[in-house]
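What follows is a single structure, written as structure tokens, with notes after it.
What follows is calculated from the coordinates using simple rules that are stated; it is not laboratory data. Here the structure is a predicted model, which is why all the values come from computation and not from measurement. Because the Cβ atoms are built from the backbone with ideal geometry, glycine has one as well, and the counts that use them run over all protein chains shown.
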Amino acid sequence: MKDKYESAVDMCLKEMFKRVGEKYPNKELTDQKEWYTKRTWTEKEEADFRDWMRKKLSKKFKHWTERTLRNEIAMFILMWGWKTK
């Protein structure tokens, strides 16, 4: 299960980076302290990303309830999401 979860995190980070014009992995960026504050996106861009995550993760983790899915997405955005403009 851990490998499946880690691959999902990598998939989401790759998409998140792509949405702000960055490549993932990007050691130059992620080695910086609080790297997730170095880029920004709009509330709409974040909402679109949340929708993308919901679709992808619901396929990958079919056993997750809608509540679990929302909580996991919220935690991901809280921990690693870009700053909102």
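Of the listed pairs K33/K60; K18/K59; K27/K56; K33/K55; K14/K85; K2/K85, which have alpha-carbon separations greater than 29 Å here? Pairs exceeding 29 Å: K33/K60; K33/K55; K2/K85. With both labels modelled 7 Å from their Cα along Cα-to-Cβ, the M75 to F61 distance reads 0.7 nm.
A quarter of the convex hull surface defined by the alpha-carbon atoms of the stretch 1-46 gives 3.8 nm² as the mean projection. Less than 5 angstrom separates the built amide H of R39 from those of K83, all sequence-distant by 5 or more or on a different chain. Sorted on the mean count of surrounding Cβ atoms within 10 Å across their residues, most packed first, peptides 33-43, 71-81 read 71-81, 33-43.
Each listed q (0.15, 0.16, 0.21, 0.27 Å⁻¹) maps to a log10 I(q)/I(0) for the chain, found by the Debye formula over equal Cα scatterers with no solvent: -0.54, -0.62, -1.04, -1.51. What the phi angles of the stretch 16-30 give under the Karplus curve with 6.51, -1.76 and 1.60, with θ = phi - 60°, is a coupling list of 4, 5, 4, 5, 10, x, 10, 9, 10, x, 9, 4, 4, 7, 6 Hz, glycine and proline written as x. Charged side chains reduced to their Cβ positions (Lys and Arg at +1, Asp and Glu at -1) give the chain a dipole of some 220 debye around its Cα centre. Quick one: net charge of F49's neighbours, Cβ under 9 Å, K/R +1, D/E -1? Value of the local net charge: -3.
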